[in-house]
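The values are calculated or read from the model by the stated rules, or taken from the named source; none is laboratory data. Computed from a predicted model, the values in this text were never measured in an experiment. In this analysis, Cβ positions are derived from the backbone assuming ideal geometry, glycine residues included, and neighbour counts consider all displayed protein chains. When the accessible area is computed, the model is the full protein with side chains, heavy atoms only, and any ligands, DNA or RNA have been set aside. Shrake-Rupley method; radii C 1.70, N 1.55, O 1.52, S 1.80 Å.
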There are 2 protein chains.
Amino acid sequence: MREVARQAGVSVATVSRALNASGPVGEETRRRILETAERLRYVPNRTARNLKRVATETIGVLLPDLYGGFYSEVIRGAERAARAARYHTLLASAHDGLPELVRALRTLVGRVDGLVVMSPDIEADVLRKNLPPGLPVVVLGGAVAGHGSVAIDNAAAAEAVTRHLAGLGHRRIALVSGPAPNADARARRDGYRRALAEADLAPDPVLELAGDFTEASGRAAAASFLALSPRPTALFCANDAMAVGALQALRDAGLRVPADVALAGFDDIPLARYVTPALTTAHVPIDEMGSQAIDAVLRAVRGDAPAPPAVTLPTRLVVRESCGARL
Amino acid sequence: MREVARQAGVSVATVSRALNASGPVGEETRRRILETAERLRYVPNRTARNLKRVATETIGVLLPDLYGGFYSEVIRGAERAARAARYHTLLASAHDGLPELVRALRTLVGRVDGLVVMSPDIEADVLRKNLPPGLPVVVLGGAVAGHGSVAIDNAAAAEAVTRHLAGLGHRRIALVSGPAPNADARARRDGYRRALAEADLAPDPVLELAGDFTEASGRAAAASFLALSPRPTALFCANDAMAVGALQALRDAGLRVPADVALAGFDDIPLARYVTPALTTAHVPIDEMGSQAIDAVLRAVRGDAPAPPAVTLPTRLVVRESCGARL
DNA sequence: TTGTACGCGTTATCAA
DNA sequence: TTGATAACGCGTACAA
């Protein structure tokens with residue numbers, strides 16, 4: 001910049017004004033400066049600008065993982081919203097629990113104007129201790145006191161899926177639940193139980209199979225499912241990844257879906273409609289969760305709103321072939 | 001930081017040394033500083049640190065799009081490699097051609113230590129004019145003079161797929177090619193033609209259907225395919241997204257794959273093995289392209305290498321059900 | 001072992 | 001309309 005100023009015969013202040021159109025600059029001077037900058041291939045240093053402006057035009061997105069259709073949809077939605085607002089997304093992932101989460105949080109500080117955090121079990125305390133007060137934060141899929149959130153009603157959606165299964169005539173409906181400490185997993189299990197009660201079906205602990213939201217755990221759970229006697233006629237997996245794994249295992253075992261077993265998932269990841277049979281599932285507007293989270297953060301960043309709001313996005317049951325007709 | 005120094009009764013320099021372990025600090029002093037920082041919830045400002053260090057610990061990743069299984073794999077690989085090196089990934093996408101690309105390039109400058117760029121038709125000139133000289137750049141899927149690159153041998157891989165089809169006994173093999181100006185698309189078409197020539201099959205322009213790498217264009221191409229007479233017995237789509245689209249259209253038209261038509265794709269996106277029948281395809285190590293690109297940039301950033309290298313990753317033919325047995 | 005003081009590249013304030 | 005200069009928050013010689 002100094003060099004541009006020197007060669008154009010002006011001061012750095014004038015160069016700054018010319019390039020940012022942030023102040024009065026003589027027409028002739030302006031031309032000369034722009035031309036010189038072009039010739040020297042000068043591109044302003046964003047870091048210095050950020051330091052001065054106390055703003056980075058960047059929103060951090062912290063995800064627990066990047067694998068599978070779910071997180072890529074979140075990223076896509078987030079990047080879309082950020083781009084529309086001329087913001088950037090700084091992507092980070094933290095797999096290994098708390099220490100990793102803390103590390104990621106702290107390295108993000110100072111390089112972002114706001115944060116979207118998705119973490120299975122985020123606690124208010126962790127955020128408070130590792131983030132400067134005043135940094136707008138939106139929690140994705142969950143709610144933390146004092147911060148904005150974008151989530152869905154997991155229990156209601158799981159209840160709808162289970163009710164659908166019951167409505168089809170199924171009376172023994174097994175569940176592959178998510179990891180026990182996970183709030184989403186717990187809420188979905190609660191919805192499942194609620195729907196059973198509604199349908200006057202006795203809850204049976206044996207029908208609740210353990211999973212951890214991975215495809216592999218879905219496969220494993222299907223094996224346990226097959227060992228059940230009498231075998232349930234329907235299987236509800238607490239997310240699509242596990243449903244896909246279960247579908248493969250079921251098929252490998254010679255069972256037909258939905259003829260022998262009705263199968264339902266949760267999330268409606270892109271893959272859900274591509275497998276055969278396509279998955280009946282609770283549709284979660286995943287990319288919209290990403291974009292709404294960014295929008296919420298941005299509103300707070302820009303001061304349009306005092307604090308990010310708590311948004312609950314609607315889900316809907318999507319019935320596809322994996323559930324078949326009435327029993 | 002000033003506040004921490006004040007409350008701890010030391011100078012900011014000592015605070016800096018204590019927090020970064022970058023110089024001698026008395027044990028007692030150190031403890032007091034850390035405790036004060038903790039209490040004040042002080043987190044160093046990354047922007048200022050970056051300005052001083054002339055490094056941002058961030059690699060920019062510029063993608064043409066974020067949709068579909070391909071780009072999310074790239075992102076995943078890139079983030080994994082960056083994270084391993086304690087770097088961040090700044091994600092940007094540029095859909096709408098050159099102006100958008102230039103804008104994205106320029107807003108990335110100064111906030112990244114290096115750049116991974118994936119763009120259908122990137123030109124050396126565009127990079128040279130919009131990036132400061134010396135910024136390490138790795139081009140993904142393509143090669144640009146003066147920059148590093150991570151790519152695959154598209155022609156050889158397409159040739160292998162086509163040869164496999166011919167080896168199965170197919171004599172009329174149609175191609176759904178990618179968009180004409182795209183270098184990858186052209187190379188794959190060349191490989192297809194080469195394999196035909198090898199197998200003494202006459203090239204036939206009618207067999208080359210137009211596509212644009214989207215699933216929808218695969219569906220459309222399948223329609224054209226069905227209008228061909230005599231109908232070819234095999235269909236090679238220049239990427240998996242189109243193959244998935246074609247598969248659906250073929251099935252909707254009442255054709256069985258592979259009994260009536262053998263189908264092959266390219267890329268081996270995660271979805272390829274989930275559709276029914278699973279796709280025979282040219283396996284491209286997509287996430288590895290992302291991680292290798294990051295690694296190459298990092299080597300240049302750290303000065304381990306003078307300039308990023310040109311890497312060609314191996315592909316391999318993955319035979320799955322969509323191609324069936326010998327005719 | 002600690003503190004002082006300078007500079008990283010910008011933008012913003014103020015005086016000219 | 002322009003230029004000199006003071007920050008922005010940090011790291012780091014260098015001196016103490």
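One table, with the values for the structure above:
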read-out: 10 Å Cβ neighbours from other chains, averaged over peptide A:113-121; value: 0
read-out: From phi via Karplus (6.51, -1.76, 1.60), per-residue ³J(HN,Hα) for the range A:213-225 in Hz, x at Gly/Pro; value: 6, 9, 4, 4, 5, x, 5, 4, 5, 4, 5, 4, 4
read-out: Placed amide H near A:Val311: partners under 5 Å, 5+ positions off or other chain; value: A:Ser149, A:Val150, A:Ala151
read-out: Pairwise Cα inverse-distance average, inverted: Kirkwood Rh of the range A:93-202 (Å); value: 15.9
read-out: B:Thr312 accessible area, assembled protein chains, probe 1.4 Å, Å²; value: 100
read-out: Length-normalised contact order for chain A - Cα pairs under 8 Å, 6+ apart - percent; value: 18
read-out: Enclosed volume per residue, in Å³, of the convex hull spanned by Cα atoms of the range A:48-113; value: 72
read-out: Cα extents of chain A along the three principal axes, largest first (Å); value: 88, 38, 31
read-out: Percentage relative contact order, the range B:1-130, counting C-alpha pairs under 8 Å, at least six apart; value: 24
read-out: Using a Förster distance of 25 Å, the FRET efficiency for A:Val206-A:Ala143 (Cβ separation, nearest 0.05); value: 0.20
read-out: Amide H contacts under 5 Å for A:Ser93, placed H, 5+ residues apart; value: A:Leu63
read-out: At R0 = 60 Å, FRET efficiency that the Cβ-Cβ distance of B:Arg251 and A:Arg103 yields, to 0.05; value: 0.80
read-out: Largest-first ordering by accessible area, 1.4 Å probe, given options A:Val176, B:Val206, A:Val25; value: B:Val206, A:Val25, A:Val176
read-out: Heavy atoms of A:Arg188 accessible to a 1.4 Å probe, total area in Å² rounded to 10; value: 20
read-out: Within straight-line cross-link reach of A:Lys52, lysines at Cα separation under 21 Å, skipping those fewer than 8 residues along the same chain; value: B:Lys52
read-out: Summed residue charge, Cβ within 9 Å of A:Ala272's Cβ, Lys/Arg positive, Asp/Glu negative; value: -1
read-out: Protein-only accessible surface order, largest first, of B:Phe213, B:Phe225 at 1.4 Å; value: B:Phe213, B:Phe225
read-out: Vicinal HN-Hα couplings computed from phi for the range B:143-149 (Karplus, 6.51 cos²θ - 1.76 cosθ + 1.60; Hz; Gly/Pro x); value: 9, 10, 3, x, 10, x, 7
read-out: Size of the protein assembly as shown as Cα extents on the principal axes (Å, biggest first); value: 75, 68, 46
read-out: In Å², nearest 10: area of B:Glu208 left accessible to a 1.4 Å probe; value: 50
read-out: Residues whose placed amide H lies under 5 Å from that of A:Leu317, excluding near-sequence neighbours; value: A:His283
read-out: P(r) weight above 14 Å for the range A:27-86, C-alpha pairs, percent; value: 72
read-out: Which of B:Asp304, A:Asp287 is most accessible, then next, and so on - probe 1.4 Å; value: B:Asp304, A:Asp287
read-out: For the range B:302-319, 3J(HN,Hα) per residue [Karplus equation, 6.51 cos²θ - 1.76 cosθ + 1.60, θ = phi - 60°, Hz, x = Gly/Pro]; value: 7, x, 5, 10, x, 9, x, x, 9, 9, 10, 8, x, 10, 8, 6, 10, 8
read-out: In degrees, nearest ten, helix A:154-167 long axis to first principal axis of chain A (Cα); value: 30
read-out: Distance between modelled label sites at B:Ala199 and B:Arg86, nm, 7 Å Cα→Cβ extension; value: 5.3
read-out: Heavy-atom accessible area per residue - chain B, 1.4 Å, Å²; value: 42
